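Since the structure comes first, as structure tokens, the remarks are kept for the end.
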């Protein structure tokens, strides 16, 4: 493994794990706040138990999210020093604000976790809300930094020099809104379904049914609403990619030849040598319609992009298809949940219904990883779209593959530890929260 | 605005050293505690740092962000030439942070698992400040070679030298000292108070010994430390007042003043950092070839520095009062507000 590939792999694995820890760390506090609110309002002890049980999950994920975030803030420089040297002053603004937001989150978490019976109950509740809100803001800010890499702005690039730097303009680059919206909804979807799935499993096993039913409901309402709204945000994101990153869009769709009535390819395996997709279903005109709002106007294909500027097509396309497929299934399950809630309440306790949610526990996170792959691999060979190549940014230090192996072991160990701890928390629910 | 940004950079470093350092120190004290008393030490330090410990480590994030937004060239050189110690420090931070959370949030407090978390916690509490100190030492050691062509002189000798390692050990002793002084005020019985006083004494002696090493190795490696400290009045005053306050601190300990002493300990460490920081200012990293990386020349463009400065300034109005309220709330142990 050469150093460049090792550096990319290490970054991919670090972000791949961090994205899970931080999605849960930013969304779960809000679930917790809802249940806390219900406890204060209704005085039903089950809600207090749920709040406390979830708060332990939040603490575990916050700790892992904080350390993996610290690792990343150094890895940017350890692996991509040339990138940070130039990009730091341009896209760093959201990072410094994120530092502030994250700090507030940590302070609020201290108040919340250790504040039971110590503060005014509404102040205590508010600190929990603050954990979630500042977590979501942190997430949006980090994604805004990433979106700058996709649609760089706020500087002029003349003769290899970065001049006229405007960090505020860079922060509000043209992709920040679509990307932040898409990622935030994805975090709610993934966490909502994952949490709901675990509680559904407990209901199916007839453990502490009252506790798990109430917990399930809070989580799935968040997840289902996000899943139903997500396709619209995906459409905004794709339109933006067509404008700012035509190569990414073309790779996502495996769309090789520019043509009127541009077709949308569903499924299939791209054959890059023959420039065609095998086993896919082509729907003529649909890609034109999705991008340009009319069926005829051609969308730029991969033939318009010089070979050396094309991303890996197969990976981008397949990851995109996985994301779309899972997202659609989750949307349907979300709709089904509301049908059950409003029209068919008897479904809610049916085995098949519960198993649907148990099965979909990991769906959201698979989709998040796939979507992240689309946005990162789809940007290659660039680290800053159209300005700096990833290969120009990599550290001169040799032997990066050792650190890649090391971090792979670290992240797998951490994840195993987190799963171990969560399963012990769940196992102890009946003992810890019996009153 | 540049000076506002530099102020916050140093503030973040000093606070990370004091607050994060004391956290590491709690682990170091646990490492140096006999098997019988370990659980008492753990209990006291958990009472003391539980609610605030995540916040204590945020200062590192703030410092890093200021570095890469405000001083990207220095950050990128640091990350390149000090890649290996930074990596080890990160592993330490990861192991320590997660072990601390895991030992509290493991729903089943099994003997084996707990002792496993504890072991990771104490060893990483030792390794992390050791490498933090090594990194800090390397920055002023003039051993980093920006023109190096071979692996060893580019990526190893810059930090693997007697001076940097002595600074690392000195940092470990100071962290332990800070924690011991802090824990004296947190202990809830006389026996523990005496125990923590003994630890503070041990750490103080170690700090003096390793501090001596720092000066001796500075002589060997030709780091002109003594010249810098005693050559300018501010650093000299900082060192002298720190020494005087150390005497006062020990007098106070024996007079039974258990809380106020932490102010003196924090003062001493701040003064050491001030003396070192001031004598090298505006240089952040000094290299072998005399290419010293200056905060006043290698900063980001003015617009970025302005935005960063305002961000930090406004942010500090939210962070500092709430952080203060957090410490204040959990100091008043039994009161319900």
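FYI, it's all coordinate maths here, none of it is from the lab. Keep in mind it's a predicted model, so treat the numbers as computed, not measured. Cβ: placed from backbone, ideal geometry, glycine included. Neighbour counts: every protein chain shown.
Shown is the FRET efficiency for residue B:104 and residue A:158, computed with R0 = 41 Å from the Cβ-Cβ distance and rounded to the nearest 0.05: 0.15. At q = 0.06, 0.09, 0.13, 0.16 Å⁻¹, what is the log10 ratio I(q)/I(0) for the range B:2-331, with the Debye formula run over Cα points and no solvent? Here the Debye-derived log intensity ratios amount to -0.21, -0.48, -1.03, -1.50.
I'd like to compare B:240-250, A:170-180: which one has the highest average count of other Cβ atoms within 10 Å, and what's the full order after that?
Ranked from most to least packed, the peptides come out as A:170-180, B:240-250.
Taken over the C-alpha atoms, chain A has Rg and Dmax values of 22.8, 70 angstrom. In nm, to one decimal, how far is the modelled label at residue B:263 from the one at residue B:232, with both set 7 Å along Cα→Cβ? Result for the modelled spin labels: 2.8 nm.
Label zone of residue A:405 (point 7 Å out along Cα→Cβ, amide N under 15 Å): in the range A:6-49 this covers A:6-7, A:10.
Sorting A:287-297, B:134-144 by average packing, meaning the other beta carbons within 10 Å per residue, from highest down gives B:134-144, A:287-297. Let me know the shape class of the range A:40-122, please: from the alpha-carbon gyration tensor, a ≥ b ≥ c as square roots of the eigenvalues, rounded when a/c is under 1.5, otherwise prolate if a/b is greater than b/c, or oblate. The shape class here is prolate. Calculated FRET efficiency, residue A:13 to residue A:341, Cβ-Cβ distance, R0 = 30 Å: about 0.15 to the nearest 0.05. Seen against the Cα atoms of chain A and their longest principal axis, helix A:400-427 is set at about 20 degrees.
Helix B:2-15 and the longest principal axis of the Cα set of chain B meet at an angle near 40°.
Averaging over all projection directions, the Cα-based convex hull of the range A:223-280 occupies 5.1 nm² in the image plane. Calculated mean residue ellipticity at 222 nm for the protein assembly as shown: -25000 deg cm²/dmol, from DSSP H runs with n ≥ 4 weighted as -39500 (n - 2.57), summed, divided by the residue count and rounded to 500. Quick one: what does P(r) look like for the protein assembly as shown with 20 Å bins over all Cα pairs, in whole %? The percentages, shortest bin first, are 16, 47, 31, 6, 0.
Over the range A:214-315, the fraction of Cα-Cα pairs per 5 Å bin, rounded to whole percents and listed from the shortest bin up, is 3, 12, 20, 21, 16, 10, 6, 6, 4, 2, 1.
Give the average, rounded to an integer, of partner chain Cβ atoms located within 10 angstrom of each Cβ in A:63-74. If you can, show how the numbers build up before the last one.
Working: counts 11, 5, 0, 9, 10, 3, 1, 10, 5, 1, 8, 13.
Mean inter-chain Cβ contacts per residue within 10 Å come to 6.
Take the Cα of residue A:308, step 7 Å toward its Cβ, do the same at residue A:348, and the gap between the two points is 6.2 nm.
Once C-alpha pairs closer than 8 Å and six or more residues apart are averaged by separation and normalised to the residue number of the range B:2-331, the relative contact order reads 24 percent. Just check the range B:110-237 against the gyration tensor rule for me: Cα atoms, a ≥ b ≥ c as the square roots of the eigenvalues, rounded for a/c under 1.5, and otherwise prolate or oblate depending on whether a/b exceeds b/c. Judged from the Cα gyration tensor, the range B:110-237 comes out oblate (a/c at least 1.5, b/c at or above a/b).
Evaluate peptide B:304-310: per residue, the Cβ atoms of other protein chains within 10 Å of its Cβ; return the mean as an integer.
So the per-residue partner count for this stretch is 5.
Packing here is the average count of other Cβ atoms within 10 Å per residue, and on that basis the peptides B:318-330, B:57-69, A:238-250, highest first, run B:57-69, A:238-250, B:318-330. Computed on the range A:132-264, the Cα convex hull volume stands at 151 Å³ per residue. With everything on Cα atoms, drop me the angle between helix B:21-31 and the longest principal axis of chain B, reported from 0 to 90° to the nearest 10. It is inclined by approximately 50 degrees. Across every direction, the projection of the convex hull enclosing the Cα atoms of the range A:311-435 has a mean area of 12.6 nm².
Mean partner shielding of peptide B:99-112, defined as the number of other chain Cβ atoms within 10 Å of each residue Cβ, is 5.
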